[in-house]
Every structure is written in C-alpha cells, then in structure tokens.
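A short worksheet on the structure shown next.
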Amino acid sequence: DKETLLSMRKYLDEWNVFDSLSRVSDFFRLSNAEFTKKDNDTYSLDVDGSCLYQDYEIARNRLMMRESNLYSEMHTSSKKGLKLRQWAKNRMPSYLNPEGIYSSHHLSELENMSPDDLHEEYGNVSLYNWVHAYQCLVELSKEELRKRFSSKKPIPLQVDRWLIIKSRENWLSFFKRKGMAEDVAKKVIGYFTFNSKSHDLNDCPFIPCVDGLCLMPALIAHSSATRSLMSLFGSKKISQAGKGRFHEQQFLRQVRAAGIKASPIETHANFQCDCVMLIDDHLIFTELKSNGQPIYYGKYYQQLCNIIGDSSLIYDGNNKLLRSYIEQIDRISTHYLNHLDIIINEFNLPVDWQPKGVHKIIVTTTMLGGKYHSDNVFVVDKYSLSSFLQRVPGVIFQNNEEGDRIKNIIDGYEHCTGEITIEKFLNYLYCLPSVSAVRKNIKKLTYSVRFDETLIYHPYYDSWAFGPYIRKEDERIN
C-alpha cells in the first residue's frame, strides 16, 4: 500500500550509510587506516599516501574512460564511426541493436576476445545471448520510463505501477519473442534471479515475488549491461573456462602484429610459459592472467595479493597455499634459462646464442591503478600494454596563451612512437603513463557518515578531477 511504499524510502538512506561504513571498514582492514577521536561522538579516519584505495579509484577511472571512448567511437557520425559500426555488423548477430553492438564489443574487450569469439558459452549461454538478454531488459525499462514520464496524470503509489511484474512463464515468453531459444531463456532467467549469491540488483535484476519476478525499471534503465554481466559471472561463479585461452591468443596476435618475435613455450607440463618475447636479443618471459575487473575494493586488494604474494590470503579450494604470480614467473624463467637450448630451438637462434638481457612481465586483464613492479618483475595490465604495442600515444589538449587549442603527447607516451626497441619498451613499463596521468590529477577529499549518534569522517578519492582533456590519438580495434 501507499504507506508501505513511502516507508521504504528509509532504505535508501540506510544503503548510503551501509556503503559509507563498508568503505570505512575497507580502509581500516586493508589500508592501515588510523582512527582519531575528536570528541565523544566524532571520529576521524585517515590513511597515508600509499593507500591502495587510491589505486582502486584510479583503476575504475581508467576503465570508465575506456568505456566512454568506446561508446563515442560506436556512436559517432564520422566516417570512422560508420566504418566501426559496419565492422561490427559484419561480425555480430543481426538481432543486436546499436546498444547491444556496443555492449558486445565492450565485453569482447574485457574478456580478451574478438567479436567472433563471443559465441563462446559461459554457463551454457553464449556471450552474445547474455548481452542480448540484458540489453532487452534495459530497453524494456527505458520504454517503461518513457511511458511513465510522458503521462499527464499522476502515477498512483502502487507497487505494480512502479515495477514490472511478470510470471516466470511471461518472462520466458518475453525472451522467446526477442529471438532466444526456450532452454537458453530458462537458464538466463535463473541466473538473473536475485539470491544470496548476488552482489546487487544490477547483476541479478529479477526479484522473486508472490506473482513471479519483478524488475525495477528506474534502476535497470541506467545499468551497464557489460559491467552487470561481469559482476554476475563472478558472483554466481558461472563457468568461464575459455578466458585464459582467449587472452593468450589475443596477446600473441597483438605482439606479433607489432613486429615482435613471440611464442608460447610448452615443452614441459610443469613449466609452461604463456609467452616469450624477443626484442633486440633481450628475452622477456611473460605470464598472462585473465582475472576480470574487480567490482569492489576488497577484490582489487586480493588481486594484488595474488600478483605480489601474501601467504595469509592465497589459498586454493583445498586450503593449499598457491604461488604468487611473481613466484610463478620467477620459477618458469629460471627453468628455461637453465635450458636455454629450448628457447634457441623455438626461435631458430644460433646454438651459441646468449641473451643480452632477461626481463619478466605479468600481463593481467585487471585494469590497474598503480605500479606494482617487484623483484625485477614488471606488472602491467593489457590496456596499458596495448597502447605501446599498437604505437598509440596518449595526447593532451590544452589552450595556449593565445587561446588556441594545442595537442601535446603525455609524458611517457613518447615511447609509443617510432620503431619498438628494448629501451623504449622498458622505459614505458617503468613510467606507465596511462596510470601516471590519472594519479597526477586525483584529489583526496573528506566525506562523513553518521551512524546513530556517531559521526565518522573518512577520505574519498576523486579521480575525475581532470582539467585537461585526455584521449588516445588514434583509437583502434584490438
């Protein structure tokens, strides 16, 4: 009834409090934060300059900027935009609308696949069907909002007037009308239904109710199909067996297209190296990790533990300690340096060949917000490395004293021009300009949250405090 619906408004405030307290908890547990008591009911929480929450916000910023760039590319009216849409149309199912094409292309980037690979199934549902199903709910929600706000009459405060409620059978019919097979639609409905394993109502938009399943159009109309699906795959542990394979295939294609000699080394089952690169007679042992993008800070923190190593946190399903990624690449590189003949044979090198230098690198699909090089191992995300391999420098647009708009290459991106050399490669990895550019402009703010009579001040990192407009000089299709 009306009173019940109005009373539910308090949950919005409670959610804001919960969200803030969760952030405070993360600061305290994972970032060595210190509490200072100001008076009887007021506390201040602060962290030092090495706080990883700052890195997490930088990573989120970089991911959203990439989304924004991709969206602009897909929807621009320029020749480039038309070419990109035609490129997508020739490779994607005809039932996808422009938003579905964008979401599919974005998902293919995040999952390290070409659009052709999106026929791969996660949880016995193709990725194209995942995108299509979620995009159908977004479009349904948008249409519902259009009707709602174009009405000249007040809408009664009744649940069935503000939510979309259908029986499971009617939702099944809805997806079948959109071109989905019945067995696939049943699986999707099951995965989309909110339960104790769900993160939120974005990744699982169907809420079980007496009359079936309800959908909140005001929420889903503004949801990102890609981010919601990535969250869903993780929260419900949907099988993604092919992720690592696609990452390796894409990486090798990209490296070889850049004119770099590269090959996986798989002569020993216990010492498989995802990729060995050869630049100017320098060996670069490469470990590829398909981790996805953490939605929450705690997951980002865990990813770094997996990379760098923290024996208190890294366990497998049998409670057995796992090697960190750095330990893995150290172990593998040591083995092949002791058996250099394997690499000599793989690259058809002279029998007496010796490397001029040896380097190790971990390439993760997780967008990173900091520099985590450790023990002579470089750590980089695939997005940063793609700029170098594709020779795409980031540029900054600023107004000069005469008011003219000028373009300059961002510090560090000068290594993305000209022929690839080992010197440019190493210098680029040392500076990671895409991370440094965001970090340079991040601002630390102070927020507060009141919990009963207690007031807590805590830091917040604003990663959108950009003055200059930054973009890649030439965005290309991976």
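The values are calculated or read from the model by the stated rules, or taken from the named source; none is laboratory data. Quick caveat: nothing in here was measured; it's all calculated off a predicted structure. Because the Cβ atoms are built from the backbone with ideal geometry, glycine has one as well, and the counts that use them run over all protein chains shown.
For first residues located in region 113-130 and assigned to a helix (DSSP H, G or I) and modelled with pLDDT of 75 or more, partners that are crowded, with 19+ Cβ neighbours inside 10 Å and among the aromatic types (Phe, Trp, Tyr) and lie 6+ apart or on another chain with Cβ distances below 9 Å form the pairs 118/128; 118/130; 119/128; 130/122; 130/191; 130/233.
Residues are listed down the side, and each one gets a yes or a no for (1) without any contact (Cβ under 8 Å) to a residue 60 or more places away in the chain; (2) assigned by TED's automatic domain parsing to the domain that holds residue 368; (3) over 15 Å from the mean Cα position of the chain (by Cα):
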| position | (1), (2), (3) |
| --- | --- |
| 225 | no, no, no |
| 229 | no, no, no |
| 254 | no, yes, yes |
| 258 | no, yes, yes |
| 278 | no, yes, yes |
| 283 | no, yes, yes |
| 290 | no, yes, no |
| 301 | no, yes, no |
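In the condition set (1) more than 30 Å from residue 301 (Cβ to Cβ); (2) touching a helix residue (DSSP H, G or I) at 6+ places or on another chain (Cβ under 8 Å); (3) hydrophobic (A, V, I, L, M, F, W, C), residue 389 is compliant with all but (1).
Would you mind finding the one in 104, 141 that is surrounded by 18 or more Cβ atoms within 10 Å (Cβ to Cβ) and at pLDDT 85 or above?
On the way: 104 fails: at pLDDT 85 or above.
So the residue among 104, 141 that is surrounded by 18 or more Cβ atoms within 10 Å (Cβ to Cβ) and at pLDDT 85 or above is 141.
Filter region 418-451 down to the residues that are of a type in the set (Ser, Thr, Tyr) and more than 26 Å from residue 355 (Cβ to Cβ), then identify the one that is nearest to the chain's Cα centre (by Cα). Filtering first and then ranking leaves 434.
Return the residue satisfying two criteria in turn: it lies in region 402-425 and is in contact with a Gly (Cβ under 9 Å, 6 or more places away or on another chain) and not in a loop (DSSP other than H, G, I, E, B), and of such residues it is surrounded by the most Cβ atoms within 10 Å (Cβ to Cβ). Selected residue: 413.
Within region 385-401, the set of residues being closer than 18 Å to residue 363 by Cβ, free of Cβ contacts under 8 Å to residues at least 40 places away in the same chain and in a loop (DSSP other than H, G, I, E, B) is empty.
Pairs meeting the criteria (first residue in region 346-357 and within 23 Å of residue 266 (Cβ to Cβ), second residue among the hydrophobic types (A, V, I, L, M, F, W, C), beta carbons under 7 Å, at least 6 apart or on different chains) are 346/265; 347/278; 351/344; 353/344; 355/283.
Of the set (1) surrounded by fewer than 20 Cβ atoms within 10 Å (Cβ to Cβ); (2) outside any loop (DSSP other than H, G, I, E, B); (3) in contact with a strand residue (DSSP E or B) (Cβ under 6 Å, 6 or more places away or on another chain), all apply to residue 378 but (1). Among the residues of region 403-459, those identified as charged (D, E, K, R) and within 25 Å of residue 379 (Cα to Cα) are 411, 414, 419, 423, 424, 439, 440, 443. Among residues of region 14-53 being part of a helix (DSSP H, G or I) and of a type in the set (Val, Ile, Thr), the one that is modelled with the highest pLDDT is 24. For the residues 228, 235, the requirement of being out of contact with any Phe, Trp or Tyr (no Cβ under 9 Å at 6 or more places or on another chain), of a type in the set (Ser, Thr, Tyr) and at pLDDT below 90 singles out 235.
Could you check region 172-279 for strands (runs of 3 or more DSSP E) lying wholly inside it with 1 or more residues that are of a type in the set (Lys, Arg) and loosely packed, with under 15 Cβ neighbours inside 10 Å?
Strands (runs of 3 or more DSSP E) meeting the threshold: 261-265.
Of the numbered criteria (1) at pLDDT below 70; (2) in a loop (DSSP other than H, G, I, E, B); (3) touching a Lys or Arg at 6+ places or on another chain (Cβ under 8 Å), the one residue 95 fails is (1). In the list 317, 292, which residue meets the criterion of being touching a Ser or Thr at 6+ places or on another chain (Cβ under 9 Å) and modelled with pLDDT under 80? Checking each option against the conditions leaves just 292. Please tell me if residue 155 is aliphatic (A, V, I, L, M), in contact (Cβ under 8 Å) with a residue 24 or more places away in the chain, assigned by TED's automatic domain parsing to the domain that holds residue 136 and not in a strand (DSSP E or B). So residue 155 fails the test.
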